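Reviewing the structure listed below.
Values quoted throughout were computed directly from the atomic coordinates according to the rules given, and no laboratory measurement underlies them. Just so we're clear, the structure is a prediction, and the values are computed from it rather than from any experiment. Cβ placement follows ideal geometry from the backbone for every residue including glycine, while neighbour counts extend to all protein chains displayed.
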Amino acid sequence: MWLGKLDKIKTWADLNSLWYMDVSVACCKIEVQQSKGPRYDIQRYGMEEVRDIEKTDLMIIAGPITFKLLPYIEDIYNKMPDPKYVIALGSCSISGSPFAEHAPHSVIEGIDKYIPVDVYVPGCPPRPEAIFHGILELRKKIQNLESSKT
Amino acid sequence: MIKISNISFAYNSTLESKVLELIKNNNLKFLQDIFCVQEKKYFTMTYNFYDENFENKFVIEISEITGDDEIFSLHEKFDSAVFLEREVFELFGVKFKNIILNNSRANRMFVFSEGVVSPMLRKGF
């Protein structure tokens with residue numbers, strides 16, 4: 001009984017303190033920065049940007065990811081503590097989009113071919129509202145995962 | 001390499017069933033983007049779809065849409081269509097049969113308190 005209650009507390013804490021690392025480039029970066037600002041205020045979901053890999057729960061990957069950047073992203077993902085979540089933001093990080101057609105030698109065809117992705121947020125670039133929709137979907141997913149364990 | 005297929009239609013009122021059939025037959029699970037371009041009086045919409053594994057890209061182009069047409073919405077089939085259709089509606093004024101957009105009390109994404117008038121990218125507005 002006590003363990004069940006502790007699990008509920010852990011889920012509540014997980015949902016309300018998703019600390020994230022922002023690994024974004026290009027125009028999607030601007031939208032991510034907008035969502036951090038006072039108008040949209042990402043912190044109302046208890047989300048805090050961190051630079052310490054050991055404290056990271058969530059990685060937000062956005063923009064065209066090049067083969068040069070990929071090893072660093074994989075390294076960050078491998079060093080993140082469990083449970084770890086990934087959001088792929090924008091057309092380029094999801095599938096490479098125009099870069100996959102015109103510059104396949106330098107840009108990857110989707111980050112999900114290299115690391116597992118939990119939520120895809122489509123758009124070119126997605127608006128902050130769409131980013132928050134993705135975050136809420138991730139929270140639902142975490143809640144379902146935790147409740148299925150107990 | 002991603003395989004790319006293209007198909008284009010001229011807009012008519014019975015196009016919805018054709019597009020939905022294409023989506024079903026090609027097992028398209030992901031709507032990545034909707035682009036809109038205006039050429040004089042007409043609009044051209046481009047839908048980018050992907051299959052489950054992001055290996056096949058399917059591009060559907062719908063042309064000859066006039067400003068008065070109310071075109072079909074994909075928001076019931078794809079969650080992402082809600083935001084993408086809202087962008088097209090607010091920037092170009094293309095109307096969709098979308099419950100959320102048609103609600104007069106729905107907030108606009110691009111219209112700020114400073115008073116930006118929508119649709120701001122529509123020529124001749």
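At a glance:
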| read-out | value |
| --- | --- |
| Full-extension gain in nm, A:Glu49 to A:Leu69, via 0.36 nm per residue minus C-alpha separation | 5.2 nm |
| Alpha-carbon centroid distance for the pair the range A:11-65 / the range B:59-84, whole angstrom | 30 |
| Cα gyration tensor category, rounded, prolate or oblate, for the range A:40-97 with a/c compared to 1.5 | oblate |
| Value of [θ]222 nm, deg cm²/dmol, for chain A, DSSP H segments ≥ 4, -39500 (n - 2.57) each, nearest 500 | -14000 deg cm²/dmol |
| Within 10 Å of each Cβ in A:55-61, the average number of Cβ atoms from other chains | 0 |
| Part-to-part distance (alpha-carbon centres) for the range B:7-21 and the range A:66-135, which is given in Å | 32 |
| Shape call, chain A: gyration tensor on alpha carbons, a/c limit 1.5 | prolate |
| Neighbour-count ranking [beta-carbon atoms within 10 angstrom, fewest first] of B:Thr14, B:Thr46 | B:Thr14, B:Thr46 |
| Loop-located chymotrypsin sites (Phe, Trp or Tyr not before Pro) in the range A:1-98 whose Cβ has at most 14 other Cβ within 10 Å (DSSP) | A:Trp19, A:Phe67 |
| Local net charge near B:Phe72, Cβ-Cβ under 14 Å (Lys/Arg +1, Asp/Glu -1) | -2 |
| Dipole of chain A [Lys/Arg +1, Asp/Glu -1 at C-beta], most positive-end residue of A:Trp12, A:Pro116, A:Leu138 | A:Trp12 |
| Among A:Leu15, A:Leu89, A:Leu58: highest mean-square fluctuation, GNM of chain A, C-alpha pairs under 10 Å | A:Leu15 |
| Neighbour-count ranking [beta-carbon atoms within 10 angstrom, fewest first] of A:Glu146, A:Glu109 | A:Glu146, A:Glu109 |
| Beta bridges by DSSP in chain B, antiparallel share as percent, to the nearest 5 | 65 |
| Longest exposed-site-free window of chain A, the sites being trypsin sites (Lys or Arg not before Pro) in a DSSP loop that have at most 12 other C-beta atoms within 10 Å | A:69-150 |
| Karplus-derived HN-Hα couplings along the range A:136-148 (A = 6.51, B = -1.76, C = 1.60, θ = phi - 60°), whole Hz, x at Gly and Pro | 5, 5, 5, 4, 4, 5, 5, 4, 5, 4, 5, 5, 6 |
| Neighbour net charge for B:Phe89 - beta-carbon separation under 10 angstrom, K R +1, D E -1 | 0 |
| FRET efficiency estimate (nearest 0.05) - Cβ-Cβ, A:Lys5 to B:Glu55, R0 45 angstrom | 0.50 |
| Under 12 Å from the Cα of A:Lys10 - aspartates and glutamates, other chains or at least 8 residues apart | A:Glu146 |
| Most mobile of B:Asn103, B:Asn48, B:Asn12 in a GNM of chain B (Cα contacts under 10 Å) | B:Asn103 |
| Other protein chain Cβ atoms within 10 Å, averaged over every residue that makes up A:116-127 | 4 |
| Charged-residue dipole, Cβ positions (Lys, Arg, Asp, Glu), chain A about Cα centre, Debye nearest 20 | 340 |
| Fluctuation leader among B:Ile62, B:Ile34, B:Ile100 - chain B, Gaussian network, Cα springs under 10 angstrom | B:Ile100 |
| Per-residue Cβ neighbour rank within 10 angstrom, fewest leading, A:His102, A:His133 | A:His102, A:His133 |
| Cα-based shape type of the range A:80-129, given that a ≥ b ≥ c are square roots of the gyration tensor eigenvalues and the cut on a/c is 1.5 | oblate |
| Count, lysine Cα pairs under 12 Å in chain B, 8 or more residues apart or across chains | 6 |
